[in-house]
Amino acid sequence: MWAHRHLLGIRPLTREDILLVLERAAHWREFLEASPKFENILSGYSMVCLFFEPSTRTRMSFEMAGKLLGMNVLNFSLEGSSLEKGESFRDTVRTIARMKADVLVVRHRDSGVPEYLASFLPCHVVNAGDGMREHPTQALLDLLAIRRTLGRIEGLRVAILGDILHSRVARSLALALMKLGNSVVFSGPPTLVPESVLALGAERVFPVEQAVEGADVVYLLRIQRERQEAGYFPSLQEYTRFFGLGERLLTRMKEGAFIMHPGPVNRGVEIEHRFVEHESSLIEEQVTCGVAVRMAVLEILLRGEKTS
């Protein structure tokens, strides 16, 4: 039974909560496959997207999800808003909520902002990524893509490679996978996979060649250039050579393993150009699953467990 007013992270969700979202998301994924028309089950509801960090996939898929379900969707723009006139963040979001928005989808560079908003706003709050903390809908869409491809989402081994230290994607995905009985290994530059990440419950494996062996899924994280500038690794070229996915790592992966990446992809850094669209890549499937999962989340929050 779904008992949450908001979706703030994976940590508060039970195994049953996750499976409920995946069940409804699978329905909407088939809907999308069949040349979708508008399904106005949420007609009359409104959603406001407040993105204080750049986004293409997450913002547009929430917008698409809301519109396909018949919602009124508005995108908040920082430029030209009262925040530029000195209005406080709290007053701005309270004003938006008083316009009777039903759902606020929030992305912010600071960890904990969605949880803070949920503590005083009357509407539903969905976390679209907060600092280094969580990105719950990304984890859920990744689970859907895995289940659609492998036919199951339990008893798998998933290797997550790259900047684990700063990644909200890695945190949410590892938590979700382990709640469903999967094993997770972290690997990458040791400076970006410190012992502190073991608190998430995953295993830390070096070198990356060993981490990918036996994995059903190899999940690559985007590397931000500022990590190089901060001295976490010598150069992007060095990162690609030792930790990027190319022929060397691909040959160490087991037959039938799949490649994933949350996007945007730095082609030639985390992964060689030719492997982005490789037959083992689920990167484009992840994008479509993103719309389906966000449709499911909106449906469940606004209609409970009722199905269309």
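Numbers at a glance
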quantity	calculated
Members of region 37-69 found to be surrounded by 15 or more Cβ atoms within 10 Å (Cβ to Cβ) and assigned to a loop (DSSP other than H, G, I, E, B), listed by number	GLU39, ILE41, LEU42, TYR45, PHE52, SER55, LEU69
Residue within region 272-289 that is over 20 Å from LEU161 (Cα atoms), among the β-branched types (Val, Ile, Thr) and either within 15 Å of the chain's Cα centre (by Cα) or not assigned by TED's automatic domain parsing to the domain that holds SER172 (or both) present	yes
Qualifying residue in region 212-222 (condition: in a helix (DSSP H, G or I) and touching a Ser or Thr at 6+ places or on another chain (Cβ under 9 Å))	yes
Residues satisfying the stated conditions in region 185-206, i.e. touching a Lys or Arg at 6+ places or on another chain (Cβ under 8 Å) and among the aliphatic types (A, V, I, L, M)	VAL185, LEU192, VAL193, VAL197, LEU198, LEU200
Pairs with Cβ under 7 Å, 6+ apart, first in region 243-269 and within 18 Å of GLY214 (Cβ to Cβ) and in contact (Cβ under 8 Å) with a residue 12 or more places away in the chain, second of a type in the set (Asp, Glu) and surrounded by 20 or more Cβ atoms within 10 Å (Cβ to Cβ)	LEU245/GLU270; ALA257/ASP216; MET260/ASP142
Per-region count, region 111-148, residues basic (Lys, Arg) and under 13 Å from the mean Cα position of the chain (by Cα)	1
Strands (runs of 3 or more DSSP E) fully within region 75-178 counting 1 or more residues that are more than 19 Å from ARG11 (Cβ to Cβ) and assigned by TED's automatic domain parsing to the domain that holds TYR219	157-161
Residue pairs meeting the criteria (Cβ under 9 Å; at least 6 apart or on separate chains; first touching a residue at least 24 places away in the same chain (Cβ under 8 Å), in region 114-142; second aromatic (Phe, Trp, Tyr) and surrounded by 24 or more Cβ atoms within 10 Å (Cβ to Cβ))	VAL126/PHE62; ALA128/PHE62; THR137/PHE62; ASP142/TYR219
Region 262-287, subset touching a Ser or Thr at 6+ places or on another chain (Cβ under 9 Å) and assigned to a helix (DSSP H, G or I), residue surrounded by the fewest Cβ atoms within 10 Å (Cβ to Cβ)	VAL287
So TYR232, is it in the same structural domain as PRO189 (by TED's automatic domain parsing), outside any strand (DSSP E or B) and either in contact (Cβ under 8 Å) with a residue 60 or more places away in the chain or of a type in the set (A, V, I, L, M, F, W, C) (or both)	yes
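For every residue, the table says whether it meets (1) charged (D, E, K, R); (2) surrounded by fewer than 24 Cβ atoms within 10 Å (Cβ to Cβ); (3) over 25 Å from LEU50 (Cβ atoms); (4) out of contact with any strand residue (DSSP E or B) (no Cβ under 9 Å at 6 or more places or on another chain).
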residue: VAL125; (1), (2), (3), (4): no, no, no, no
residue: GLU134; (1), (2), (3), (4): yes, no, no, no
residue: THR137; (1), (2), (3), (4): no, no, no, no
residue: ARG148; (1), (2), (3), (4): yes, yes, yes, yes
residue: GLY151; (1), (2), (3), (4): no, yes, yes, yes
residue: GLU154; (1), (2), (3), (4): yes, yes, yes, yes
residue: GLY162; (1), (2), (3), (4): no, no, yes, no
residue: HIS166; (1), (2), (3), (4): no, yes, no, yes
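The values are calculated or read from the model by the stated rules, or taken from the named source; none is laboratory data. In this text the structure is predicted, and so the values were computed from the model without any measurement. Cβ sites come from the backbone with ideal geometry, for glycine too, and all protein chains shown count toward neighbours.
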